[in-house]
Amino acid sequence: AQSVTQLDSQVPVFEEAPVELRCNYSSSVSVYLFWYVQYPNQGLQLLLKYLSGSTLVKGINGFEAEFNKSQTSFHLRKPSVHISDTAEYFCAVSVQDQAGTALIFGKGTTLSVSS
Amino acid sequence: KAGVTQTPRYLIKTRGQQVTLSCSPISGHRSVSWYQQTPGQGLQFLFEYFSETQRNKGNFPGRFSGRQFSNSRSEMNVSTLELGDSALYLCASSLAGATSDTQYFGPGTRLTVL
């Protein structure tokens, strides 16, 4: 079965520090990869996605992610975080195989940015 | 453009009852997907409808069903409610489909089963 593992459930950082939110997936077939963010009391919105092409993907709000096929990872990074980045971040993988198509989310990483 | 809307926003039901949730996608979007979000299990994919046809389905029992109308509005039904069905139910719409396209999420319906 396909799975998505977000290695850290909570990441506390200070403002202006760099951050990396880790995501690994298990899949033996081609995948599309996504990061979504859920701000407090708001719905989810897409940060970035990887479908094909360059393995370094840039998203909104200064976030970027790198697809590493050999390590089956799609880690999210930001060089300098702001208080407003405090939110829950979800990694998601869509997998197409003989059984059909599935979109699988990780359990989320709570990023807490303090001053 | 108006965003994805979900009604009702909050719902309280008792075990054994059934419930219907509604989702109106962004105008022009033909794909509507449903998700269940709980603290323990996180976000889990329920199903996706595209042009009135169920295109993909997650690993949920048959008590969970849905449909999509010709105007792309979608409903999700849960029959014989169980306590474990208490969750935030999210709906998302996209142009081309949940698994390759950007999804736009609604605010969710908070279902509490007593």
- prompt: So, of the residues in the range B:86-109 that are crowded, with 21+ Cβ neighbours inside 10 Å and more than 10 Å from chain A (Cβ to nearest Cβ), which turns out to be modelled with the lowest pLDDT?
  reply: B:S93
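Got a number for residues in the range B:18-44 being more than 16 Å from B:Q68 (Cβ to Cβ) and either within 12 Å of chain A (Cβ to nearest Cβ) or surrounded by fewer than 13 Cβ atoms within 10 Å (Cβ to Cβ) (or both)?
Let us first name the residues in the range B:18-44 that are more than 16 Å from B:Q68 (Cβ to Cβ), namely B:18-19, B:36-44.
With either within 12 Å of chain A (Cβ to nearest Cβ) or surrounded by fewer than 13 Cβ atoms within 10 Å (Cβ to Cβ) (or both) added as a condition, the list becomes B:18, B:36-44.
So the count comes out to 10.
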- prompt: Quick one: what pairs do we get from the range B:24-42, first residue assigned to a loop (DSSP other than H, G, I, E, B), second of a type in the set (S, T, Y), C-beta under 6 Å, 6+ apart or different chains?
  reply: B:P25/B:S72; B:P25/B:S93; B:I26/B:S93; B:I26/B:Y104; B:H29/B:S93; B:H29/B:S94; B:R30/B:S51; B:R30/B:S72
field: Residue under evaluation B:P61, criteria (1) surrounded by fewer than 17 Cβ atoms within 10 Å (Cβ to Cβ); (2) within 19 Å of A:S94 (Cβ to Cβ); (3) free of Cβ contacts under 8 Å to residues at least 12 places away in the same chain, criterion not met
entry: (2)
message: Here is a check on your reading of the model: is B:E48 on the phi < 0 side of the Ramachandran plot, among the charged types (D, E, K, R) and away from chain A (no Cβ under 14 Å)?
response: no
- line: B:T80 vs (1) modelled with pLDDT of 95 or more; (2) over 24 Å from A:K107 (Cβ atoms); (3) assigned to a strand (DSSP E or B): all pass except (3)
query: Is there a residue in the range A:73-80 that is of a type in the set (A, V, I, L, M) and more than 13 Å from A:C23 (Cα to Cα)?
result: no
task: Run A:S70 past the list (1) assigned to a strand (DSSP E or B); (2) free of Cβ contacts under 8 Å to residues at least 24 places away in the same chain; (3) more than 10 Å from every other protein chain (Cβ to nearest Cβ) and report the number of the one that doesn't hold.
output: (1)
statement: Within the range A:38-58, the residues that are more than 26 Å from B:Y89 (Cβ to Cβ) and in a loop (DSSP other than H, G, I, E, B) are A:L51, A:S52, A:G53, A:S54, A:T55
- request: Please tell me if A:S84 is under 13 Å from A:Y39 (Cα atoms), part of a helix (DSSP H, G or I) and away from chain B (no Cβ under 14 Å).
  value: yes
- request: Could you tell me whether the range A:43-62 includes any residue that is touching a Pro at 6+ places or on another chain (Cβ under 8 Å), within 11 Å of chain B (Cβ to nearest Cβ) and within 17 Å of A:L103 (Cβ to Cβ)?
  value: yes
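The values are calculated or read from the model by the stated rules, or taken from the named source; none is laboratory data. Here the structure is a predicted model, which means the values were calculated and not measured. Heads up, the Cβs are rebuilt from the backbone with ideal geometry, glycines too, and the neighbour counts pull from every protein chain shown.
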